[in-house]
Amino acid sequence: MLLSLVVHTYSLRYWFPATIMLGTAPAYLLSWGAWRLLSTILPSSLYHKIDDRLYCVYQSMVLFFFENYTGVEIVIYGDIPKNKENVVYLSNHQCTADWIIADMLAIRQSALGHVRYVLKDGLKWLPLYGWYFSEHGGIYVKRSSKFNEKAMRKKLLAQTQRGAPMYLVIFPEGTRYNPDLKNVIADSQAFAAKEGLTVLKHTLTPRMKAAHVAIDTMKGHLDAVYDVTVAYEGTLDSSGQRRSAPAMPDFLCKECRRIHIHFDRVDIKEIPSEPAFFRRWLHDRFEIKDRLLTNFYESQDSDKLCKFPGEGKPSPLNLSKTLPSLVILGGLTLPMLLTEKGRKLYVRTWVCGTLLGWLWVNIFP
């Protein structure tokens, strides 16, 4: 009985925040939908400005759970600009929690509402979220020969021409690096060797298409590229081998006590535009990441193990940046659940929002 109580309590550490984050989605969608209808008679720029604010409210609530609730310590190496910039955010990719890391940096620049993602195509089928990410400026892409460069350029141009603030998140590896998936790592290393590129040990060989199209299309709009390397503390086992990074449920169960984030700002003028040179530049950046991660996981100096070089500065997130959003969304959701009509509206929003979203992302990709 005691064991079952412990297991139940442990599961609540995940289900409690997950229920609130998913449960507030219909209320958020209804609020956004009302604004979308109202804004049809208003200037487009005003719609997008408020949409960014609404998105910031929801993502701030998400960060309440991923930072304040979990109590994770964020350690940053390098200086994040205090002012908002138009940027492409490039990072190594290890787990589903990586998406939240971009939000963690953006909120520290007061740029959370400007975050937009380049996502793999299959994620557009996520209920509610899939089509809304697209509405907010996110871009779904397919891999290799199915990559639609024209569609990506068109969507990015539409946003830059209206002057949209841009914090575009891209994971060039295309899939997550997991030490347990030996065949994925081997295939990536074999491809690098075949192409005459340096073989990487702690990242996969980066794919250049999405990053190149994004930077080339928006070069007149962008200020910089944020080159970010992330390592989750606690992913080194007792034998010194790297383990897989925590997925979102593990993260919410407080299994990660500290995240190390190495930040490097690259001025957009320093990045080559010609595809062959850009490919070399991108791979060079991932070689730097690989060295940072090799030092993090394999340093012979115990004082440097599980740390990046240089001074790491803890960066706590003030509760005032996240708690108000939780209160606002909770206040919108609870009245819906307290009445029978409200509950019916809640369920219909989930169902209709999902069905309409699936149609939307396929009709207007």
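Taken per residue, the accessible surface of the chain reaches 50 Å², heavy atoms only and a 1.4 Å probe.
Only protein atoms count toward the accessible area here, which uses a 1.4 Å probe; on the stretch 1-363, the carbon and sulfur part of that area reaches 61 percent. Our analysis of the chain gives Rg over Rh at 0.96, with the two radii drawn from alpha carbon positions and Rh computed by the Kirkwood formula. Taking a span of 27 Å or more along the helix axis (Cα atoms) and a mean Kyte-Doolittle hydropathy of at least -0.5 as the rule, the DSSP H helices of the chain that qualify are 2-23, 44-63, 340-363. Rounded to the nearest 20 debye, the dipole magnitude of the chain is 1100 debye, with +1 charges on Lys and Arg beta carbons, -1 on Asp and Glu beta carbons, and the Cα centre as origin. In the chain, the DSSP-assigned H stretches of four residues or longer account for a calculated mean residue ellipticity at 222 nm of -16000 deg cm²/dmol, using -39500 (n - 2.57) per stretch and the full residue count as denominator. Bridgeable aspartates and glutamates around LYS321 (alpha carbons under 17 Å apart, same-chain partners fewer than 8 residues away excluded): ASP52, GLU67, GLU73, ASP103. If R0 is taken as 45 Å, the Cβ-Cβ distance between SER299 and GLU274 corresponds to a FRET efficiency of 0.75. Of the cross-linked pairs LYS269/LYS313; LYS150/LYS269; LYS155/LYS209, those separated by over 20 Å at the C-alpha level are LYS269/LYS313; LYS150/LYS269. Annotation: aspartates and glutamates with alpha-carbon distance below 13 angstrom to LYS120 (same-chain offsets under eight excluded): GLU173.
The values are calculated or read from the model by the stated rules, or taken from the named source; none is laboratory data. Since this is a predicted model, take the numbers as computed values, not measurements. As a convention, Cβ positions derive from the backbone with ideal geometry for all residues, glycine included, and neighbour counts pool all protein chains shown. Keep in mind that these areas ignore ligands, DNA and RNA; they rest on the heavy atoms of the full protein, side chains included. Shrake-Rupley method; radii C 1.70, N 1.55, O 1.52, S 1.80 Å.
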